[in-house]
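The values are calculated or read from the model by the stated rules, or taken from the named source; none is laboratory data. Source: prediction; values computed, not measured. Please note: Cβ atoms are built from the backbone with ideal geometry, for glycine as well, and neighbour counts cover all protein chains shown.
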Amino acid sequence: MEEIRSINNPYIKQLKSLKQRKYRKEHKMFLIEGYHLVEEAAKAKLLESVLITKKEDEVQGVKNYLVNSEIVSELASTVTPQNIIGVCLIKEKKEFKSNKILVLDELQDPGNLGTLIRTAIAFGFTDIALGNNTVDIYNDKVIRGTQGMLFRANFKEVEITKFLVDLKAKGYSILTTNLGKDSVTPNKLPKLEKCVLVLGNEARGVKKEILNLADYKVKIPMEEVVESLNVGVAGGIMMYLLSNNN
């Protein structure tokens with residue numbers, strides 16, 4: 001087990017650069033913190049190495065570095081981090097083969113994205129497409145929000161309009177949430193063999209060109225005093241309903 005004691009160590013400097021999106025893309029790696037996330041990364045065979053402060057926390061099957069709490073604090077994003085940092089490989093992209101696909105367009109809030117990824121896995125939406133200007137899935141807040149479910153999803157960055165046109169040609173039905181007069185309630189939906197749920201930006205919602213492609217615009221019934229739902233909540237309700245649709 002190699003021991004590192006200085007925050008100026010070249011390897012530590014490289015790891016610190018992974019806090020920035022461009023270096024995560026360049027090195028195809030990202031950082032995680034905490035025992036649970038490290039365990040989930042190891043299960044997914046995406047854990048490259050760990051930095052620990054106690055020898056008894058050694059993780060089998062990967063490179064272990066013994067470090068001090070100063071180094072952990074330098075690499076961590078939380079105020080009071082657990083004494084373990086994981087270095088993970090960015091998962092190789094695979095072709096989408098699921099009958100249920102989640103598409104996220106310009107989501108900005110890391111908490112919402114993390115919640116939606118975790119919920120997507122819960123309801124069988126393992127293929128997740130990300131449109132332009134969507135927050136990075138390897139953002140530390142996103143990772144924490146997924147509670148490790150990030151490692152079970154298959155992600156693809158797409159140009160959404162073209163992506164949806166291609167999916168429609170393959171027999172997928174496109175759905176999105178919308179409060180317009182032409183929207184239907186979930187109980188009016190037919191049985192859908194192959195479906196795509198599109199969720200839009202927190203403030204602006206789904207773009208007009210995407211609404212025009214939608215086969216079904218869905219309005220979730222709720223009390224009139226509530227104008228709208230948070231995208232994470234609305235997306236969770238829709239994924240639950242669609243998981244039971246067919």
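Applying the criterion of being under 24 Å from Arg118 (Cα atoms) and without any contact (Cβ under 8 Å) to a residue 60 or more places away in the chain to the residues of region 223-238, the residue that is surrounded by the fewest Cβ atoms within 10 Å (Cβ to Cβ) is Ser228. Within region 178-224, the set of residues being among the polar types (S, T, N, Q) and farther than 12 Å from Asp105 by Cβ comprises Asn178, Ser183, Thr185, Asn187, Asn212. Residues that are surrounded by 10 or more Cβ atoms within 10 Å (Cβ to Cβ), of a type in the set (A, V, I, L, M, F, W, C), under 14 Å from Ile101 (Cα atoms) and in contact with a Gly (Cβ under 8 Å, 6 or more places away or on another chain) occur at least once in region 188-207. Every listed requirement among (1) closer than 17 Å to Gly114 by Cβ; (2) crowded, with 19+ Cβ neighbours inside 10 Å; (3) of a type outside the set (S, T, N, Q) is met by Ala153 save one, (2). Scanning region 123-133 for residues that are at negative phi and at pLDDT 95 or above returns Phe123, Phe125, Thr126, Asp127, Ile128, Ala129, Leu130.
Could you tell me which residue of region 70-111 is surrounded by the most Cβ atoms within 10 Å (Cβ to Cβ), considering only residues that are out of contact with any strand residue (DSSP E or B) (no Cβ under 9 Å at 6 or more places or on another chain) and touching a residue at least 40 places away in the same chain (Cβ under 8 Å)? Steps first, answer last, please.
Restricting attention to region 70-111, the residues satisfying the condition of being out of contact with any strand residue (DSSP E or B) (no Cβ under 9 Å at 6 or more places or on another chain) are 70, 73-74, 79-80, 92, 109-111.
Filter once more, so that each one left must be touching a residue at least 40 places away in the same chain (Cβ under 8 Å): 70, 74, 109, 111.
Values: Glu70: 11, Glu74: 16, Asp109: 19, Gly111: 14.
Ranking the candidates gives Asp109 first.
For region 52-61, a residue qualifies if it is crowded, with 16+ Cβ neighbours inside 10 Å and of a type outside the set (S, T, N, Q), and the qualifying residues are Ile52, Asp57, Val59.
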